[in-house]
């Protein structure tokens, strides 16, 4: 196996003391920020992006791998110990997890989440390491029209899947595409939509967009309707499981992994659908004691969705690394991190920067193992984090958001842009527009434009060039399906 | 097209209501307006007359057109009584009406920070930002809030300027640090 050999090389890079230290910093920061209420994985990655500004690329990605997986772990701790609905991907975990915690089984809920995440993460990362080179091989023959069709598929899928209302998903996507248009056109050097503000010529940096929409938007939203009662955190000791918990957990872990990985890899898949499917599946398969416990805190209902969640996180990296295609908001921010270092993920990345890719994949394994070691004994410490008084928490989030935006180019104009995007993020939350399509549209939009123009240049202006390859036809048909299906479903229901 | 009723404070009141009284209409109209803006705003971009006719205006035209279409559907959806679900989050109480006064104060503090940070410097500016926001969001013990604000400001300065080599303005304290 060639890729296993390359993976071993990756391990030698990831296991140097310096890189191990970066991985440790990454998982610790990722878990800490991920545990904070109101902060999902995407915001965790966005807020911590500035920390890696001056770190060499290989180490930065190792740190990022840690932050990415750490943010996932942290999110599940929050949803188990805090009895309030959180962001969508970990909401399913809260269904059974929080009820387990209320019944005095918080330690077991956290343990099955942590161990399940570890197992799912490890299997899924292995699948990623095996699948990625194969897909990269196929993708190398993709032409501009295929890439454009792929981008269109990502746009439509993410807009229609993540929102109950397609029109709201598309509105969010459009807002992101417009933000992506701002600045100098890469091919002709013409300024577009800059309103004559010189600071906008380079476009709006993705850190500002992500931190604005996620962090500042969230704080404004929280400010508008903050809970004033003190947080209700379930106390917990060291996370552990007994024999029967293991017996009840291992099958859901594997089933969750099997659901999570492929869904994560699909455009618009994300973690929401597989966690939900895993929950439904476990509930249906439950027999005996588990059947009685479902709805009151069944361990299967935590084990499956948590495994699905982490497997999906690894699955998302398949299209990201092999095609340069982000399928979730978090992946979009990771893509931006790559671009910051002048790297374009895609089939060429495996040829041009094998050290970096395989080092990154190896460090995903390392980070995953570190998280397990870190999280089982440290559960009580993370539970304390949940007690941070909310005024300080949200004031701190804004301070860090401002720091991230300001550190880019020390320009106050960036802070104003950050605030405007925050207002937009507030409005989107208030009216139920999903944020992910906007972030994906902003980052993928410019790429889609370049590929479209290239394709049409090849076809000498003939638009049928866009549907001249079977790959492009399949992708575009699927896009159409993603838009039409919800409409059909609504008509049928009536 | 929605009319000027939108600026009427009555129409923007919490809870929405049917059709044109729903505050979501503002957002829907903004999507529509932004689509038009993209097309008009890029109309002035001089097209470098390439032989293939695909200048910098083509893609914005597509995006703008699509946004107008989506915006029209969105406005119709809102007028017909459709509404999105406010996002859930750990610290959000979706049952209470929006407290727009706090949002306004938070906004004022942030914008104040944005325009003064170059002069005040990171440490002074961010300490004031943190303190102001914490008190606005309900921190009762002001001395503690101030202490945390100063510690955070100095800490981030040390971490980013000394540790990570990022440039932040010294401002008022430029000579001291």
(message) Anything in region A:80-99 that is touching a strand residue (DSSP E or B) at 6+ places or on another chain (Cβ under 9 Å) and modelled with pLDDT under 85? List them, or say none.
(response) A:82, A:83, A:84, A:85, A:94
(request) Looking only at region A:440-458, count how many residues are under 19 Å from the mean Cα position of the chain (by Cα) and farther than 17 Å from residue A:153 by Cβ. (result) 1
(message) With more than 8 Å from every other protein chain (Cβ to nearest Cβ), closer than 30 Å to residue B:126 by Cα, within 28 Å of the chain's Cα centre (by Cα) and surrounded by 19 or more Cβ atoms within 10 Å (Cβ to Cβ) as the only criterion, which of A:398, A:417 stands out?
(response) A:417
(message) Can you pull out every residue in region A:232-263 that is crowded, with 18+ Cβ neighbours inside 10 Å and within 14 Å of chain B (Cβ to nearest Cβ)?
(response) A:233, A:234
(message) Out of A:189, A:174, I need the residue that is under 24 Å from residue A:455 (Cβ atoms), buried (at least 24 other Cβ atoms within 10 Å of the Cβ) and within 11 Å of chain B (Cβ to nearest Cβ). Which one?
(response) A:174
(message) Out of everything in region A:304-327 that is under 13 Å from the mean Cα position of the chain (by Cα) and farther than 23 Å from residue A:140 by Cα, what residue ends up being surrounded by the most Cβ atoms within 10 Å (Cβ to Cβ)?
(response) A:311
(request) Inspect region A:370-390 for any residue being modelled with pLDDT of 85 or more, part of a helix (DSSP H, G or I) and facing chain B (nearest Cβ under 9 Å) and give the result as yes or no. (result) yes
(message) Of the conditions (1) more than 18 Å from the chain's Cα centre (by Cα); (2) within 12 Å of chain B (Cβ to nearest Cβ); (3) at pLDDT below 90, residue A:103 satisfies every one except a single condition; which number is it?
(response) (2)
(request) Could you please let me know if residue A:109 is more than 14 Å from chain B (Cβ to nearest Cβ) and either part of a helix (DSSP H, G or I) or surrounded by 24 or more Cβ atoms within 10 Å (Cβ to Cβ) (or both)? (result) yes
(request) Output the residues belonging to region A:153-170 that are facing chain B (nearest Cβ under 10 Å) and farther than 14 Å from residue A:441 by Cβ. (result) A:164, A:165, A:166, A:167
(request) Determine whether region A:338-361 contains at least one residue that is out of contact with any helix residue (DSSP H, G or I) (no Cβ under 6 Å at 6 or more places or on another chain), touching a residue at least 12 places away in the same chain (Cβ under 8 Å) and within 22 Å of residue A:78 (Cβ to Cβ). (result) no
(request) Could you please find all residues in region B:128-144 being more than 7 Å from chain A (Cβ to nearest Cβ), surrounded by fewer than 22 Cβ atoms within 10 Å (Cβ to Cβ) and touching a helix residue (DSSP H, G or I) at 6+ places or on another chain (Cβ under 8 Å)? (result) B:128, B:132, B:135, B:136, B:142
(request) Spot the failing condition for residue A:423; the list is (1) surrounded by 20 or more Cβ atoms within 10 Å (Cβ to Cβ); (2) within 11 Å of another protein chain (Cβ to nearest Cβ); (3) out of contact with any strand residue (DSSP E or B) (no Cβ under 7 Å at 6 or more places or on another chain); (4) within 18 Å of residue A:43 (Cα to Cα), and only one is missed. (result) (1)
(message) For region B:145-160, give me the residue count where each residue is more than 7 Å from chain A (Cβ to nearest Cβ) and free of Cβ contacts under 8 Å to residues at least 12 places away in the same chain.
(response) 5
(message) Kindly evaluate residue A:195 against the criterion of being within 22 Å of the chain's Cα centre (by Cα) and either part of a loop (DSSP other than H, G, I, E, B) or crowded, with 24+ Cβ neighbours inside 10 Å (or both).
(response) no
(request) Could you look through region B:83-99, keep only residues that are over 14 Å from residue A:227 (Cα atoms) and free of Cβ contacts under 8 Å to residues at least 12 places away in the same chain, and pick out the one that is surrounded by the fewest Cβ atoms within 10 Å (Cβ to Cβ)? (result) B:85
(message) When you check residue A:322 against the structure, is it farther than 25 Å from residue A:31 by Cα and modelled with pLDDT of 90 or more, yes or no?
(response) yes
(request) Those residues that are in a helix (DSSP H, G or I) and closer than 20 Å to residue B:59 by Cβ, I need them from region A:460-479; list them, please. (result) A:463, A:464, A:465, A:466, A:467, A:472, A:475, A:476, A:479
(message) Being touching a residue at least 24 places away in the same chain (Cβ under 8 Å), over 13 Å from residue A:438 (Cβ atoms) and in a helix (DSSP H, G or I) is the filter here; which residues of region A:165-180 pass it?
(response) A:166
(message) Which count do you get for residues in region A:429-447 that are outside any loop (DSSP other than H, G, I, E, B) and either on the phi > 0 side of the Ramachandran plot or facing another protein chain (nearest Cβ under 8 Å) (or both)?
(response) 3
(request) Scan region A:324-333 and give yes if some residue there is out of contact with any helix residue (DSSP H, G or I) (no Cβ under 8 Å at 6 or more places or on another chain) and either on the phi > 0 side of the Ramachandran plot or not in a helix (DSSP H, G or I) (or both), otherwise no. (result) no
(message) If I filter region B:71-81 for residues that are free of Cβ contacts under 8 Å to residues at least 40 places away in the same chain, farther than 25 Å from residue A:82 by Cα and either more than 7 Å from chain A (Cβ to nearest Cβ) or buried (at least 16 other Cβ atoms within 10 Å of the Cβ) (or both), do I get at least one hit?
(response) yes
(message) Taking the condition of being more than 8 Å from chain A (Cβ to nearest Cβ), part of a helix (DSSP H, G or I) and over 19 Å from the mean Cα position of the chain (by Cα), how many residues in region B:87-121 meet it?
(response) 2
(message) Suppose the filter is touching a residue at least 24 places away in the same chain (Cβ under 8 Å) and either within 8 Å of another protein chain (Cβ to nearest Cβ) or surrounded by 24 or more Cβ atoms within 10 Å (Cβ to Cβ) (or both); does residue A:457 pass it?
(response) no
(message) Exactly one condition in (1) surrounded by 22 or more Cβ atoms within 10 Å (Cβ to Cβ); (2) under 30 Å from residue A:165 (Cβ atoms) is false for residue A:336; which is it?
(response) (1)
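The values are calculated or read from the model by the stated rules, or taken from the named source; none is laboratory data. Keep in mind that what you see is a predicted model, and the values were worked out from it rather than measured. All Cβ positions, glycine included, derive from the backbone under ideal geometry; neighbour counts span all protein chains shown.
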